[in-house]
Amino acid sequence: MFNFLKRKPADRKFLVIGLDCAAPELVFDKFRDELPTLRSLYEGGIYGELESCIPAITVPAWSVMMASKDPGTLGIYGFRNRRDYSYDNQVIATGAMVKEPRVWDILGEAGKKVALIGVPGTFPVRPVNGVMTACFLAPSVESEFTFPHELRDEILSVAPRYAVDVANFRTPDKDWLVQQLWDMTEMRFKALNHMMETYPWDYFMWVEMGVDRIHHGLWSYMDPGHRRYQPGNKYQDTIKEYYKLIDAQLALMLSRIDDSTMVLVVSDHGGKKMDGGIAINEWLWREGYLVLVEPPPEDVFDEQGNRVLTPFTKVEIDWEKTRAWGAGGYYGRVYLNVEGREPQGVVKRSEYEALRDELIARFMAIPDHLGRPMDTRVYKPQEIYRRVRNVAPDLIVYWDNLNWRSVGSFGHGGVHTFENDTGPDDCNHASNGMFILYDPRAPGSHREVQGRQIMDVAPTILELMGVKPPADMQGRRLVGD
């Protein structure tokens, strides 16, 4: 059987196609007959599912992938992180928080030319041995979103409506969302094709966020298993059509490379239907772990009949009596109010582990809205990461193994909710993404591999490009003997 790692890497280039949230069951099964470009790649290469990090979310997953370091070692536990042990000082995890070298840094130091476009974790931009446009965290194209700076005007001249992200993918206006997605993707391909043809590169990587955005916006219209699915609806095939758009553009893109270029298609996590949400702070409050100065308003509705919710930041907490609080998101984060750590901590150090174990058992016992058991997974950071840097959650919760999300607000009328407090959202993240590794010089290498995870990507790329991976990378090779 062909072994990629026995090829001579001296003249090899690498093209990485990142599809944020691309689901293996869609690419390899449901849509396979309508995605000829992707199908030709995995039928001629090595492919499989790719286990994401915990948490399985864009930030920090792409940096975990490209640094081959777990979230604890990076010190990044989600899109928002506690800056310190105070109660209200949070920071968005931009690329400035990533202190470990990533693939393009290592290749640049080895003299390889790199080109990056839209890779999460690249805003604010830093100098690279090549060119870069920043990720979706850039405020807009009016910001410093390119390196070098003069690349900005060049990109906008080629792709005048270039956008770093969809302005609001959690919108009830699905026609608007679809138009924005198609336009954003068209502009992205104009920009990246220009960069591919204009600048010298040994390593080219881009990430399309549109896959993630269309999943969150339209999953219920596609998936018969979703509780809101209606057969024959207007958007039933829209996600498939978007994958087909990507596939067709990839065909044009791949026609521009020769057989010296290896191709990797990869996603940071998958997607799945969202069954509902667990109001984590409602539960902690009702069970006495979280104490409020005044009870939150209950059963308040607006003129349209929608519940009026109270954000966690708008309630007054009695910290001297509170033992735990939580945060919303696609996964749950729970923090303990520890004596000597938090400003008004009450949980004694000697009671810390017992309280964590108590909460784990109780979270896992919470049933769904019909009283059925849920497959909830709860993680202690110290048990899943090599190191725990910065301020980690005390517990990370996957409600029903990510079939349900975590909701941090109050006023839901109970612990279970079916409305997302950050806007309409049909989809949660799945733990497994996907990868396809294709070498034009070895088109008969077809095989599926199992048991791979996202930290395996970086050392594989480096080895295939003839650069020794740093010894502290945590992944292994995607391919081997």
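The values are calculated or read from the model by the stated rules, or taken from the named source; none is laboratory data. For clarity, every value in this text was computed on a predicted model and none was experimentally measured. Here the Cβ is made from the backbone with ideal geometry for all residues, glycine too, and neighbour counts use every protein chain on show. Only protein heavy atoms, including side chains, enter the accessible area calculation; ligands, DNA and RNA are left aside. Shrake-Rupley method; radii C 1.70, N 1.55, O 1.52, S 1.80 Å.
Odds and ends about this structure:
- With Cα atoms as the point set, region 92-157 shows a radius of gyration and Dmax of 11.6, 34 Å.
- Among 248, 263, 289 the positive-end extreme of the charge dipole of region 212-299 (Cβ point charges): 248
- For region 184-314, the convex hull drawn through the C-alpha positions has a volume of 217 cubic angstrom per residue.
- Farthest toward the positive end of the dipole of the chain, out of 225, 118, 177, is the Cα of 118, where the dipole comes from beta carbon charges about the Cα centre.
- Taking the square roots of five times each eigenvalue of the Cα gyration tensor of region 123-186, the equivalent ellipsoid has semi-axes of 25, 13, 8 Å, listed largest first.
- The mean accessible area for residues of the chain, using a 1.4 Å probe and ignoring ligands and nucleic acids, is 40 Å² per residue.
- Approximate shape of region 307-422 as ellipsoid semi-axes (Cα gyration tensor, √5λ), whole Å, largest first: 24, 19, 13
- Furthest towards positive pole of dipole, 438, 404, 345, structure part the chain, Cβ charges: 438
- Spatial offset of region 142-213 relative to region 49-96 amounts to 23 Å, using the alpha carbon center of each.
- Flagged links, alpha-carbon separation over 19 Å, of 69/99; 30/272; 69/273: 69/273
- Charge tally in the Cβ shell below 13 Å around residue 301, where Lys, Arg are +1 and Asp, Glu are -1, residue 301 excluded: -4
- Scaled against the 2.2 N^0.38 Å expected of a compact globular protein of N residues, the Cα radius of gyration of region 152-245 reads 1.26.
- Range of Cα positions in the chain per principal axis (Å), largest first: 66, 52, 46
- When a 1.4 Å probe is rolled over the protein heavy atoms, the share of accessible surface on the chain that falls to carbon and sulfur comes to 48 percent.
- Kirkwood Rh (inverse of mean 1/r, distinct Cα pairs), region 184-226, angstrom: 12.6 Å
- Rounded tilt (10° steps) of 58-67 against the dominant C-alpha axis of the chain: 50 degrees
- Three principal axis extents describe the C-alpha atoms of region 52-119; from largest down they are 45, 22, 21 Å.
- Pair-distance distribution P(r) for region 92-203, from all Cα-Cα distances in 5 Å bins starting at 0: 2, 12, 21, 23, 18, 13, 7, 3, 1, 0 percent.
- Shape metrics for region 327-392, restricted to C-alpha atoms - Rg then Dmax, Å: 13.9, 41
- Mean silhouette area of region 342-481, derived from the convex hull of its C-alpha atoms and averaged over all directions, reads 14.2 nm².
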